[in-house]
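Values quoted throughout were computed directly from the atomic coordinates according to the rules given, and no laboratory measurement underlies them. All values reported here derive from a predicted model rather than from experimental measurement. Heads up, the Cβs are rebuilt from the backbone with ideal geometry, glycines too, and the neighbour counts pull from every protein chain shown.
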Amino acid sequence: MKRALVLMLTFLIVIFLGLTSGVFAADFPDVSEKHLNFDAISYLTEIGVIAGYEDFTFRPEREITRTEFCALMARTLGYDKETYVLADIPFYDVPEEYWGRGYISFCFEKGLINGMEEGVFAPADKVTVAQAVKMTVCAVGKGEEALSTNGEKWYSGYMTVASENGLLDKMSQKADENAARSNVAQIVYNMLMSDVFNEQEDEETTENPENSEREELSDEELSEIEMVFSQKDFSDVKVILVDAGHNYQGKDIGAENLDYGVREEEITWQIADKLRENLEDMGYIVVMTREKMTDSIANTSVTDSLQARVDLAHTSFADLFISIHCNIGNGIGKGIESYCFQLGGYSARLAALVQEKVSESTGLYDRGVKTANFFVNKNTLMPSVLIETGFMDNEHDMEILASRDGQERIATAIARAVREYDTMEPIENAAIEEENYDEEA
């Protein structure tokens with residue numbers, strides 16, 4: 001299976017970074033047979049995964065960017081430019097015309113990358129060994145195991161799991177160093193040759209009910225839904241969709257804080273569950289995207305997971321969509337921020353109330369209401385907000401996010417915001433605003 005899989009990649013993968021092909025490691029004057037990574041470089045050049053330069057050198061010590069490594073990983077995992085459909089990615093520094101957007105989109109959809117911080121991918125930054133290792137660990141299906149493995153650094157769990165599964169064999173660099181081409185070749189070679197990679201391939205080819213594809217709505221169902229929403233009064237709230245951001249496992253998992261031993265998808269559910277109790281006590285009907293903390297929704301891809309949440313809101317004919325998330329910002333971010341698709345409508349009204357109530361109740365820094373092209377905000381027919389409740393890498397925020405009292409204060413404040421929203425007068429010309437909303441979506 002292993003050999004057959006790798007030989008198939010010969011036909012699927014184009015030359016890495018468009019460099020000169022047709023040579024083997026033995027032909028590179030700067031890669032002798034005594035080189036630590038000779039076997040890896042030789043094998044990957046033989047099957048066309050990686051190549052040398054026009055002067056016939058390999059330049060083993062050259063560092064590569066985060067986008068270049070995404071390109072290598074995407075091609076290795078079967079990316080096809082002609083057939084791949086771009087997924088929505090939350091990185092504002094990856095423009096639509098960027099040469100590597102397809103590779104980044106593919107890796108994001110596969111759950112290999114999360115970005116450096118909210119909305120930032122840093123495509124031109126050098127990829128570190130730890131970042132490359134994290135992607136390969138996720139590619140072999142060991143991401144959850146790495147997250148549950150404690151350590152001092154964010155990458156400690158990934159390095160431990162990689163070591164246990166032979167992914168660090170013949171690696172000559174430290175985790176926080178920029179990865180050289182020789183080590184990049186070794187990481188990918190180790191991945192291709194690992195038993196866990198090929199075992200995962202076998203498992204994914206078998207039918208798995210949990211990862212079955214999302215059932216798409218028919219044209220008739222969509223027409224009925226659109227008709228209902230075209231007649232809705234969005235200032236009158238009866239049904240609320242509460243979305244606990246991310247999935248407990250699979251393709252759409254969130255951030256983590258190893259010091260506290262918690263994950264974003266756990267905190268978001270705990271807050272969402274408390275919000276459900278508050279809203280039901282107020283008399284609202286609440287629909288949850290994840291009934292239990294260990295639930296996942298449409299686990300086949302990130303896009304499918306997001307679309308399933310939107311579909312559930314539509315088929316439930318929800319009056320509001322509230323998505324709970326946590327932020328991460330390399331230790332420099334703090335506070336709560338709420339997102340809507342555009343300002344001036346019902347979504348922005350609710351977001352402003354959430355900001356006011358939660359910051360007052362918890363003492364979290366008020367980062368304000370912001371607009372973003374987030375999938376759930378852009379594609380819902382009802383008013384929708386996505387709430388980043390705090391930063392998981394900020395000590396003050398985590399004291400609130402990880403405590404039952406802090407979660408209860410956040411949930412209660414959001415519920416109070418909903419109740420106040422529900423008592424306010426309708427927005428003048430709301431129908432026009434909703435029409436513009438749909439056009440922009």
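Overview of results
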| read-out | value |
| --- | --- |
| Longest exposed-site-free window of the chain, the sites being GluC sites (Glu not before Pro) in a DSSP loop that have at most 12 other C-beta atoms within 10 Å | 217-427 |
| Cut-off under 5 Å, modelled amide H: who pairs with Asn247 long-range | Asp252, Ile253, Gly254 |
| When the range 40-144 is reduced to its Cα atoms, the Kirkwood hydrodynamic radius in Å | 14.6 |
| Dipole moment magnitude, nearest 20 debye, the chain about Cα centre, only Lys, Arg, Asp, Glu C-beta charged | 1400 |
| Cα gyration tensor, the range 267-389 - rounded (a/c under 1.5), prolate or oblate | rounded |
| Largest-first ellipsoid semi-axes for the range 218-440, taking √(5λ) over the Cα gyration tensor eigenvalues, angstrom | 27, 20, 16 |
| Extension reserve of the Glu395-Val228 stretch, reckoned as 0.36 nm per residue once the Cα distance is removed | 55.6 nm |
| Compactness of the range 219-279 - radius of gyration and Dmax, Cα, Å | 16.8, 50 |
| Most mobile of Ser163, Ser338, Ser223 in a GNM of the chain (Cα contacts under 10 Å) | Ser223 |
| Positive-end residue of Met293, Gly100, Ser230, charge dipole of the chain with Cβ unit charges | Gly100 |
| Overall Cα dimensions of the chain, principal axis frame, Å, largest first | 76, 47, 37 |
| Farthest toward positive dipole pole in the range 324-434 [+1 Lys/Arg, -1 Asp/Glu at C-beta], among Val376, Thr423, Cys326 | Val376 |
| For His246, His396, order by how many other beta-carbon atoms lie within 10 Å, fewest first | His396, His246 |
| Size of electric dipole in the range 218-440: Cβ of Lys, Arg +1 and of Asp, Glu -1, about Cα centre, debye, nearest 20 | 600 |
| Farthest toward positive dipole pole in the chain [+1 Lys/Arg, -1 Asp/Glu at C-beta], among Ser305, Gly141, Val85 | Gly141 |
| Restricting the range 100-184 to trypsin sites (Lys or Arg not before Pro) in coil, as DSSP defines it, with at most 14 other Cβ within 10 Å | Lys153, Lys174 |
| The range 336-343 - phi-based ³J(HN,Hα) in whole Hz, Karplus 6.51/-1.76/1.60, Gly and Pro as x | 9, 9, 10, 10, 10, 6, 8, 7 |
| Stretchable slack from Trp99 to Lys126, in nm (0.36 nm times residue separation minus alpha-carbon distance) | 8.1 nm |
| Inter-label distance, nm, simple model (7 Å from Cα along the C-beta direction), Glu177/Ser32 | 1.9 |
| Dipole magnitude of the range 92-155, debye to nearest 20 (Cβ charges: Lys/Arg +1, Asp/Glu -1, about Cα centre) | 300 |
| Selection of trypsin sites (Lys or Arg not before Pro), the range 381-419, meeting DSSP coil and at most 15 other Cβ within 10 Å | none |
| Antiparallel DSSP beta bridges within the chain, as percent of all bridges there, nearest 5 | 35 |
